[in-house]
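These notes are about the structure you will find just below.
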């Protein structure tokens with residue numbers, strides 16, 4: 001029986017004339033790489049391939065092709081070198097979750113050193129045993145090399161069964177489809193297999209163009225209008241991301257609690273925006289190169305996505321953006337709009353009943369910023385009252401020292417009353433959670449003249465700056481705290497342009513710039529671990545169990561587009577607009593070009609094309625980092641936070657304006673100020 005009937009026309013009589021015989025499907029990545037070479041042949045039948053193979057030649061048994069004792073007998077008799085990928089769908093298999101691959105042998109030489117870490121994503125693998133594997137797989141901590149040595153338990157991934165047989169527990173030959181990473185590290189693995197099979201002439205011919213890759217190389221010439229093109233591609237990404245819910249998707253959305261953390265398969269998506277947009281793509285990559293999505297309609301993500309679409313999109317994208325803005329502001333359940341309630345004006349984390357009563361200050365702030373940007377792009381005032389009410393609601397739950405705290409709950413606010421929090425001496429030196437509210441209080445002060453907005457903001461900022469960053473609480477790294485501080489410091493200069501305020505802004509901006517690579521990337525940095533909320537894993541066993549940075553140690557060449565570079569982009573832009581400091585202007589321009597270069601490009605995955613992954617290794621110019629973060633790892637894509645802010649800032653740069661001035665027609669309802677504040 002033909003195992004692959006569609007290959008029945010292959011002329012097997014000439015197989016013995018070739019160096020390597022592939023027994024696989026014709027769409028196998030490794031075969032396709034050499035399909036035009038006269039040194040390889042493809043066979044749809046293992047028995048014929050074995051029969052016609054010349055003595056001592058090499059044969060690749062791929063795609064889980066069954067291997068029998070009779071096959072083994074022929075291979076031994078003909079002294080064949082056999083590379084075989086084991087079936088991954090049998091009883092002796094398991095699913096890869098948090099495990100990563102590591103080099104367990106010196107066989108690869110300098111091209112791939114002992115302890116180097118690689119990834120095959122999340123897929124099934126065959127379970128076997130081998131005394132001296134070339135590659136092993138297990139739960140391991142580290143950026144690109146083992147941080148704490150080999151794990152207590154690991155399984156072989158690639159090994160020699162004997163001197164004529166090499167086995168793999170996963171389909172390494174599907175390296176491109178499954179998006180194995182990093183590309184630079186997998187190349188010597190495949191070249192080693194080819195060399196071992198006796199086909200060294202093919203090694204130099206192995207060229208791999210990843211199916212998902214950066215838009216431009218590190219030294220590639222950029223088009224003169226690259227920022228405009230990148231912004232338009234970013235706006236277009238939203239419309240092809242499958243994350244904008246259709247009516248049918250809403251039904252799936254309502255049942256998403258069936259999945260852990262509401263992470264499930266990709267929806268139909270690509271709607272007109274009237275049902276909102278969900279959070280984004282999870283970092284997991286399956287055997288087909290696809291990623292699951294996270295089914296939360298977050299307030300911040302919807303408002304920020306609306307901003308990006310209306311600022312950077314064409315007519316169609318702008319309408320979708322307006323629909324998203326209207327959905328989240330007027331139709332969703334995130335807004336607490338009952339004026340008799342103590343929580344009036346606040347916005348819940350998302351529209352799930354058990355989450356709409358959680359009020360993160362930073363998420364509320366970015367929700368407001370998103371609506372301000374959307375309103376400015378549309379030249380509308382329809383969001384103005386909600387913008388002001390939300391700013392005031394956050395302010396009246398901010399204490400006498402200008403700090404609010406990471407997260408307040410509806411039950412506590414209703415029980416204690418908002419004035420309890422307004423009169424509390426709260427101190428929370430965590431820019432990640434506090435800084436953007438300070439920026440908005442300054443913006444609202446300039447619009448309303450309500451002086452406590454200014455005085456409390458200055459009090460909190462002064463405490464942070466006088467104490468120094470070593471006293472700050474950091475979340476996923478100290479670099480993101482610096483990035484967050486740039487916006488309120490820039491807007492403080494707008495309100496009170498004193499030498500001290502300019503000194504503060506310049507100091508923080510130049511500290512960020514000190515960590516900027518020549519390519520424009522902002523290098524991540526971990527602060528004092530005693531002040532960190534989400535530090536790197538401290539053991540192999542801790543990998544994948546909590547929120548973490550993308551780096552294991554300071555010096556790892558990683559930029560973070562979820563927590564740092566996106567907000568540094570906004571902060572540097574506003575700092576440059578406030579100070580015209582040449583060093584800050586140059587840093588902003590370099591970061592802009594870097595972000596244009598690393599935008600995702602993919603013909604096979606249009607749902608990813610035009611987005612930005614969270615992580616980028618600017619040393620190897622690839623999407624790579626420690627993938628330890630429990631919620632949002634290396635290959636995650638956030639509709640808000642990441643894609644929205646990068647896209648929006650590129651569009652704003654085209655307009656030659658600052659975000660401070662983006663909504664010039666804002667009209668504050670001063671009666672609302674009187675009703676909500678003392």
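Read-outs: derived from the displayed coordinates by stated rules, not from any lab. Not measured: the values here are computed from a predicted model. When we count neighbours, we look across all protein chains shown, and the Cβ atoms used for this are built from the backbone with ideal geometry, even at glycine.
Points worth noting:
- Scaled against 2.2 N^0.38 Å for its residue count N, the alpha carbon radius of gyration of segment 569-678 is 1.39.
- Annotation: peptides 255-266, 283-294, 75-86, ranked by per-residue average of other Cβ atoms within 10 Å with the highest first, follow the order 283-294, 75-86, 255-266.
- With a Förster radius of 60 Å applied to the beta-carbon distance between residue 225 and residue 162, the computed FRET efficiency rounds to 0.55.
- Hull volume in cubic angstrom per residue (convex hull over the Cα atoms of segment 284-395): 117
- Ranked by the mean number of other Cβ atoms within 10 Å per residue, highest first, peptides 131-139, 573-581 order as 573-581, 131-139.
- Kirkwood-type radius of segment 113-196, with distances r between different C-alpha atoms, in Å: 13.5
- A simple packing score, the average count of other Cβ atoms within 10 Å per residue, orders the peptides 369-380, 198-209 as 369-380, 198-209, with the highest score first.
- Rounded to two decimals, the Cα radius of gyration of segment 222-296 over 2.2 N^0.38 Å is 1.27.
- Rounded to 10°, Cα long-axis angle of helix 499-514 versus longest principal axis of the chain: 0
- Taking a ≥ b ≥ c as the square roots of the eigenvalues of the Cα gyration tensor, an a/c ratio of 1.5 or more together with a/b no larger than b/c marks segment 158-285 as oblate.
- Shape of segment 483-636 from the C-alpha gyration tensor: oblate (a/c of 1.5 or more and a/b not above b/c, with a ≥ b ≥ c the square roots of its eigenvalues).
- Spherically averaged projected area in nm², based on the convex hull that wraps the Cα atoms of segment 5-210: 11.2
- Here the average projected area of the convex hull drawn through the C-alpha atoms of segment 376-476 stands at 7.8 nm².
- Derived value for segment 334-436: Kirkwood hydrodynamic radius 13.8 Å. Basis is the mean of 1/r over every pair of different alpha-carbon atoms.
- With Cα atoms, 0 to 90° folded angle of helix 361-378 axis to the chain main axis: 80
- Where both bridge residues fall in segment 226-676, DSSP classifies roughly 90% of the beta bridges as antiparallel.
- Residue-averaged 222 nm ellipticity for the chain, from DSSP H runs of 4+ at -39500 (n - 2.57), nearest 500: -11500 deg cm²/dmol
- Here is the tail figure for the chain: Cα pairs spaced more than 41 Å apart come to 33 percent of all pairs.
- Between the Cα long axis of helix 299-312 and the first principal axis of the chain there is an angle of about 80°, rounded to the nearest 10.
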